[in-house]
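The values are calculated or read from the model by the stated rules, or taken from the named source; none is laboratory data. Being a predicted model, the structure only gives us computed values, none of them experimental. Every residue, glycine among them, receives a Cβ derived from its backbone with ideal geometry; neighbour counts consider all protein chains shown.
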Amino acid sequence: MTTAESSAPVTIPVERRFPLDLESRDGGIRVLYQAAKQDHWDPERGVPWDSLDPARIPHADRESARRVWSRRAWLEYTGLAETPALLIRFCLETGRESEPKFFLTVRNTEEAWHVECCHRIAECLGGYLDRPADPAREELFNQTLYREALDAAASLDAFVATHCAFEDGLEAELAAAWLGTAREPAVRSLLEHMQRAKRRHADFGWRYLAQRAPALEPAARHAVEGQLVRWIQTVELAGYHCVSLATGFDPAAESADLDRCAAAGLGAVPAAAEEAVFRATLAAARARLAALGLALPAFHHPRLGAV
Amino acid sequence: MNATILDARESRFPLDLAVRQPRIRDLFHAASRNQWDPEFDVDWAALDPEAFPPAQREAARMYWSRRAWGEYGAISESPALQIRFCQEKLSPDARLYFTIRSQEESRHAEVCFRMAERLGGYVEQPQVQFQGSVATHGVRRLALDPEVPIEGVIAALVCAAEEIAFDVFRHLIEITRHPVARQVCRLVMRDEVRHCAFGWHFMADRWPRLDPAGRERVRDAVITMIEKVELNGYHSAWLAPDNPASRAEVECDRLTWEAGLGATVEELEKPVFVDSIRRIRRQMEEAWGLRLPEFSHPRIDGRF
């Protein structure tokens, strides 16, 4: 059971502040942190907003695109509470390295820039929507990940594997796909920023997992595998990132929005292409996990079959 | 284990992302434009550790290590405020701004760590007797406690503690002779200006919404921060309870100050600290009508 489903009070680990190790222990993550600092940009001036002229975009395309970009803002927003929780968790656990802590502070800023820019694009295209059209779909976004990150009963390594390695990896691949078809300059510019950041976020997850995996005891490995399975089965395959995968509701309208937004060059790919990205990312993750001695089983999707 | 805000399930919709507090959104944008990097934006080559006698070097590495511990509190604890902002659906501007504030705190920790390293090596911990003064300012616990109004945490942490730190930084820039140490203080202070501004902007919006009981709790939180954290030596070692460990830290400050490497000493900092408390009291009364009591400390004459 995930903590999001639990009703018991969450127990947070107790910090032992000293000795406070700030030395560099992992050069690879240190490099990611340094690269992130150097790759800073300004959401006001780092995107050519003037190029985004809604008057030149057909009304139906605009409407689809505003829904697509509003949904992205909702997804990006997850990091605003999740990342500080994860950062705190790294600080609370004795013996965790300094690099993840420094890196996560930059990651959270990048997430804030993404949120603001996704919102701005939606606003430009006719107006940001502050919730899904159907309230029943809201629960999919309310994953309470910040609680899971801070729950002493949940494994930090499992969280990193699931949300930093796999999930951020998927976001990086999706951003790359969207960028590949985007023609509008402001949208392209934002997606370039997002893609670079998300590559770093995913690199962080995989590097950290690779560092930790060899020393994980069997129970800890099971925890990692179990959390990945739960997340993919109950959240990803429910349409969290790739809405067309949803089976609990009919995603036809959202899929049509993606198709139209993609055709208009406004930073999307058709729903079928998103599914292909998901399948490829899942296969690649399964192979990387296997190399670390972690097993990710096949999943069954009612429409796609085994993935 | 007491209940925390984590016990409630997330409910993020309706998700407002519009500009609601323009002055805080401006701070977010200003911070985005004014990023700096401790690795590249400090003239490290100009800091020659061999130019200082071993005793001064040793003291300075301890002083800058202590500064790193203090900054680290903002990495380990203050991000809990960000969770609280999201959970309580406070203004989108605060939610966005606080992310970059945490990043700035991490680069402050990094730059202090680099200073300590340059001066002979970062020290991982204080003596046991001094740990009580610098181990925590308690913000994480307060931020996650649903019984503590968020306004109390911001008033205490930002409008009190960070204002004191800001005044001390300004003093340090005035008295620090070594150009690299002064450059570090300047860079940090540039960020602190925004941090403090955030607190007052945030409170200007929230204070009118508080009922008398809420306002009283804000007052209590500020008093606790001043009495239990600041007057206990969290930022200034000479305010810590007197014992051999805190005396050793005070001596480090003196040697570092003599070297012009960034510290100050009790006789110089005391009037700055007292003026800072008086300014905070005046500002809180003018802005919110909140009256702080006078404080006392064994090392400061009279009440202030």
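List of remarks:
- Count - residues of region A:126-145 that are touching a helix residue (DSSP H, G or I) at 6+ places or on another chain (Cβ under 7 Å), within 24 Å of A:A60 (Cα to Cα) and within 8 Å of another protein chain (Cβ to nearest Cβ): 3
- Only one of B:R190, B:R194 that is within 17 Å of the chain's Cα centre (by Cα), surrounded by 16 or more Cβ atoms within 10 Å (Cβ to Cβ), farther than 14 Å from B:G138 by Cβ and not polar (S, T, N, Q): B:R194
- Here A:L92 meets the list (1) surrounded by 24 or more Cβ atoms within 10 Å (Cβ to Cβ); (2) of a type in the set (A, V, I, L, M, F, W, C); (3) at the interface with another protein chain (Cβ under 10 Å from one of its Cβ atoms) almost entirely, failing just condition (1).
- If you go through region B:125-156 and keep only what is in contact with a Phe, Trp or Tyr (Cβ under 7 Å, 6 or more places away or on another chain) and surrounded by fewer than 18 Cβ atoms within 10 Å (Cβ to Cβ), you end up with B:Q125, B:Q131.
- Residue within region B:45-57 that is away from every other protein chain (no Cβ under 12 Å), assigned to a helix (DSSP H, G or I) and surrounded by 17 or more Cβ atoms within 10 Å (Cβ to Cβ) present: yes
- Among residues that are over 19 Å from A:R199 (Cα atoms), at pLDDT 95 or above and surrounded by fewer than 22 Cβ atoms within 10 Å (Cβ to Cβ), A:A60 is included.
- The listed residue being basic (K, R) and under 18 Å from the mean Cα position of the chain (by Cα), out of A:R131, A:R107, A:R96: A:R107
- Of all the criteria given as (1) farther than 30 Å from A:R147 by Cα; (2) within 14 Å of another protein chain (Cβ to nearest Cβ); (3) touching an Asp or Glu at 6+ places or on another chain (Cβ under 8 Å), the one not satisfied by B:V42 is (3).
Conditions tested, residue by residue: (1) of a type outside the set (D, E); (2) out of contact with any Asp or Glu (no Cβ under 8 Å at 6 or more places or on another chain).
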| position | (1), (2) |
| --- | --- |
| A:G127 | yes, yes |
| A:E171 | no, yes |
| A:A182 | yes, yes |
| A:G205 | yes, no |
| A:L209 | yes, no |
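- Highlighted here are the helices (runs of 4 or more DSSP H) found entirely within region A:129-188 that include at least 3 residues which are aliphatic (A, V, I, L, M): A:145-150, A:168-181.
- The numbered conditions (1) within 17 Å of B:R23 (Cα to Cα); (2) crowded, with 21+ Cβ neighbours inside 10 Å; (3) in contact with a Cys (Cβ under 7 Å, 6 or more places away or on another chain) are all true for B:W200 except (2).
Every residue, every condition in (1) among the small types (G, A, S); (2) within 8 Å of chain A (Cβ to nearest Cβ); (3) in a loop (DSSP other than H, G, I, E, B), yes or no:
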site: B:R12; (1), (2), (3): no, yes, yes
site: B:R23; (1), (2), (3): no, no, no
site: B:W69; (1), (2), (3): no, yes, no
site: B:A80; (1), (2), (3): yes, yes, no
site: B:K89; (1), (2), (3): no, no, yes
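- Unique residue being under 19 Å from A:V307 (Cβ atoms) and touching a helix residue (DSSP H, G or I) at 6+ places or on another chain (Cβ under 8 Å) when the list is A:F204, A:F166: A:F166
- Scanning region A:53-75 for residues that are touching a Leu at 6+ places or on another chain (Cβ under 8 Å) and outside any helix (DSSP H, G or I) yields a single hit, A:I57.
- Looking across region A:8-32, the residues that are at the interface with chain B (Cβ under 9 Å from one of its Cβ atoms) and either within 30 Å of B:L27 (Cα to Cα) or β-branched (V, I, T) (or both) come down to A:V10, A:T11, A:I12, A:L22.
- Considering residues of region A:42-66 that are touching a Cys at 6+ places or on another chain (Cβ under 8 Å) and not polar (S, T, N, Q) only, the residue farthest from the other protein chains (Cβ to nearest Cβ): A:D61
- Among residues that are surrounded by fewer than 24 Cβ atoms within 10 Å (Cβ to Cβ) and not in a helix (DSSP H, G or I), B:G120 is included.
- Selection from region B:264-292 of residues that are under 30 Å from B:Q56 (Cα atoms), among the acidic types (D, E) and surrounded by fewer than 20 Cβ atoms within 10 Å (Cβ to Cβ): B:E266, B:E267, B:D275
- Scan of region B:1-10 for residues that are of a type outside the set (D, E, K, R), facing another protein chain (nearest Cβ under 7 Å) and crowded, with 16+ Cβ neighbours inside 10 Å, ordered by number: B:T4, B:L6
- Residue in region B:180-190 that is outside any helix (DSSP H, G or I) and either acidic (D, E) or within 20 Å of B:E230 (Cα to Cα) (or both) present: no
- Condition check for B:E117: facing another protein chain (nearest Cβ under 10 Å), in contact (Cβ under 8 Å) with a residue 60 or more places away in the chain and of a type in the set (D, E, K, R): no
- Applying the condition of being more than 9 Å from chain A (Cβ to nearest Cβ) and part of a helix (DSSP H, G or I) to region B:25-39 and asking which residue is farthest from B:A181 (Cα to Cα) yields B:D26.
- Residue within region A:106-125 that is more than 8 Å from chain B (Cβ to nearest Cβ) and on the phi > 0 side of the Ramachandran plot present: no
- Candidates A:A65, A:A81, A:A36, filtered to the one that is more than 20 Å from A:A122 (Cβ to Cβ), in contact (Cβ under 8 Å) with a residue 24 or more places away in the chain and surrounded by 24 or more Cβ atoms within 10 Å (Cβ to Cβ): A:A81
- Qualifying residues in region A:285-301 (those that are without any contact (Cβ under 8 Å) to a residue 12 or more places away in the chain and loosely packed, with under 14 Cβ neighbours inside 10 Å) - the one farthest from A:L237 (Cα to Cα): A:A291
- Of all positions in region A:10-23, none carries a residue that is of a type outside the set (F, W, Y), part of a helix (DSSP H, G or I), more than 26 Å from the chain's Cα centre (by Cα) and surrounded by 13 or more Cβ atoms within 10 Å (Cβ to Cβ).
- Of note, A:A202 satisfies the criterion of being touching a Cys at 6+ places or on another chain (Cβ under 8 Å), more than 14 Å from every other protein chain (Cβ to nearest Cβ) and of a type in the set (G, A, S).
- Test for A:A264: is it surrounded by 19 or more Cβ atoms within 10 Å (Cβ to Cβ) and over 17 Å from the mean Cα position of the chain (by Cα): yes
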